[in-house]
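Nothing in this text is a laboratory measurement; each read-out follows from the coordinates by a stated rule. Not measured: the values here are computed from a predicted model. Here the Cβ positions follow ideal geometry from the backbone for every residue, glycine too, while neighbour counts run over all protein chains shown.
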Amino acid sequence: MKRGTKTIVVAIVVAIAIIATYRLVVFIGNKINPKKVVEEERVIPVKVSRAIRMNITKTLNLSGDILGKEVVHVFSQVPGKVMEILVKEGQFVKKGQVIFRVDRDIVGMEYMPAVVESPLSGYVGTVMVDRGMSISPQTPLAQVVTMNQVEAVAQLIEEQINMVQIGMKAKVRVDAFPNTYFYGTVYRKNAVLDAASRTQEVRILIDNPQLKLRHGMFADIQIQIGAANNAVVIPVDSMLSDSSGNFYVYKVIDNRAFKQSVKPGFSLKNVIEVLSGISEGDVVVTLGKENVGHGDKLLVYMEEIAQ
């Protein structure tokens, strides 16, 4: 073996020996004094809100129609032809006021014109005949409606029937007065359901002294089915439930999440009443709650409940 080649081999052997010695020293050092591996704790960003107290009202929203308190059709007691129409639609008439004259129109006989009187005081809603038209006692001539009081009429589906009771307060809005509410009371529910629609009719009585509400108007109806004064509320978005139907929230204490069982009460569009489990001032997770577990560390962003 040449001298140069021998020198290279020796150098390689020495290098291998040094590396092996270093690894052995490191291995023994780790056995004697092992390094502690520290895992950085996860911090979860969330939005939170503080529980507050407020008065809340739960309503049932329905659509319906405005009807006069009394709506009657006027008929002639005799057949003939309409001789005179003495009223116009929208006109106020008194009970007993003559509103039509009818020519009895019997060949070979002469009669004084028959008069048709309004059966009640109210407003003429619709005139249903024209002058000269032949009529019978079964032909409706006009509709007369009382308007000092009106009814808002709506239909309840089966699951809503037990929510609404006689005496409950309601408010009504119509398109003609979009910024005005008219207040009334539930005063009648049909005893049976409509066989075809499986709905129950409910009627709300409303005073209408200025006659703003008219027979036939479409109405948005809100019936107050419950209320809670000075209730503790939290955002609806903070509420969770498990597979057994138990409700809970994540309560925030010192920037950590703690699972807290709660008992919910009335719920509105944005907030829900809490009957137990949460007190005024407690902070709960709203956005990001699905990523949170009990005891997790949080990075919180406060968002106050709008009142």
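Taking amide H positions as placed 1.01 Å from N in the peptide plane, with prolines and chain starts having none, which residues 5 or more places from Met217, or on another chain, fall under 5 Å of its amide H?
Ile66
Select one label from [x] 158, 53, 35; [y] 60, 45, 37; [z] 49, 48, 34: the one whose number is Cα extents along the principal axes in Å as derived from the coordinates shown.
Structure-derived value, by its label: [x].
How large is ³J(HN,Hα), in whole Hz, for each residue of the range 273-283 in order, when computed from phi with the Karplus curve 6.51 cos²θ - 1.76 cosθ + 1.60 and θ = phi - 60°, using x for Gly and Pro?
6, 10, 7, 7, x, 9, 10, 4, x, 5, 10
For helix 3-32, report the angle its Cα long axis makes with the longest principal axis of the Cα atoms of the chain; keep it between 0 and 90° and round to the nearest 10°.
60 degrees
If you rank Thr139, Thr286, Thr180 by fewest surrounding Cβ atoms within 10 Å, what's the result?
Details: Thr139 15, Thr286 21, Thr180 11.
Lowest count first: Thr180, Thr139, Thr286.
If we count every other residue with Cβ under 15 angstrom of Tyr181's Cβ, Lys/Arg +1 and Asp/Glu -1, where does the sum land? If you can, show how the numbers build up before the last one.
Details: positive: Lys169, Lys171, Arg173, Lys212; negative: Asp175, Asp207, Asp220.
Net charge in that neighbourhood comes out at +1.
Who wins for biggest fluctuation among Ala227, Ala191, Ala170 in a Gaussian network model of the chain, springs between alpha carbons below 10 Å?
Ala191
Starting from the range 240-307, pick out the GluC sites (Glu not before Pro) whose DSSP state is loop and whose Cβ has at most 14 other Cβ atoms within 10 Å.
Values: sites: Glu273, Glu280, Glu290, Glu303, Glu304; in loops: Glu280, Glu303, Glu304.
Of the GluC sites (Glu not before Pro), the ones in loops of the range 240-307 whose Cβ has at most 14 other Cβ atoms within 10 Å are Glu280, Glu303, Glu304.
Once phi is turned into θ = phi - 60°, what whole-Hz ³J(HN,Hα) does the Karplus curve with 6.51, -1.76 and 1.60 give for every residue of the range 63-75, x standing for Gly and Pro?
These are the phi-based 3J(HN,Hα) values: 10, x, 10, 8, 10, x, 4, 10, 10, 10, 9, 9, 10 Hz.
Net charge around Asp242, counting only other residues with Cβ within less than 15 Å of its Cβ (Lys, Arg = +1; Asp, Glu = -1)? Please report the intermediate quantities before stating the final value.
Numbers: positive: Lys259, Lys263, Lys289; negative: Glu290.
So the environment of Asp242 carries a net charge of +2.
Which far-off residues, 5 or more places away or on another chain, put their amide H under 5 Å from the one on Met83, with H placed in the peptide plane?
So Met83 has HN proximity to Arg101, Val102, Asp103, Gly132.
When DSSP beta bridges are limited to those with both residues in the chain, what percentage is antiparallel, rounded to the nearest 5? The partial results should precede the final answer.
Working: 82 of 88 bridges.
The answer is about 95 percent antiparallel.
Put +1 on the Cβ of each Lys and Arg and -1 on the Cβ of each Asp and Glu in the range 235-307; which of Gly245, Phe258, Val283 then has its Cα farthest toward the positive end of the dipole?
Gly245
From the phi of every residue in the range 292-300, what ³J(HN,Hα) in whole Hz does the Karplus formula 6.51 cos²θ - 1.76 cosθ + 1.60 yield, where θ is phi - 60° and glycine or proline is x?
3J(HN,Hα) across the range 292-300, in whole Hz: 9, x, 4, x, 5, 7, 10, 10, 9.
Around Leu275, which amide H atoms from residues at least 5 apart in sequence, or from another chain, sit under 5 Å from its own amide H, with H modelled in the peptide plane?
It is Lys263, Gly265, by chain and number.
Which aspartates and glutamates, on any chain, are close to Lys47 with Cα under 19 Å apart, when same-chain ones fewer than 8 places away are left out?
Asp237, Asp254, Glu280, Asp282, Glu290, Asp296, Glu303, Glu304
Which is the longest stretch in the chain that no exposed loop site breaks, taking sites as trypsin sites (Lys or Arg not before Pro) with a DSSP loop state and at most 11 other Cβ atoms within 10 Å? Write out the running numbers ahead of the final one.
On the way: sites that count: Lys2, Lys35, Lys36, Arg42, Lys88, Lys94, Lys95, Arg131, Arg198, Lys269.
That would be 199-268.
Kindly provide the helix-only [θ] at 222 nm of the chain, computed as the sum of -39,500 (n - 2.57) over DSSP H runs of four or more divided by all residues, to the nearest 500 deg cm²/dmol? All intermediate terms of the calculation are to be shown ahead of the outcome.
Details: 1 runs with 30 residues, N = 307.
For the chain, the value works out to -3500 deg cm²/dmol.
List the relative contact order of the chain as a percent without decimals, with contacts defined as Cα pairs under 8 Å and 6+ residues apart. All intermediate terms of the calculation are to be shown ahead of the outcome.
Details: 675 pairs, mean separation 75.2, N = 307.
The normalised contact order for the chain reaches 25 percent.
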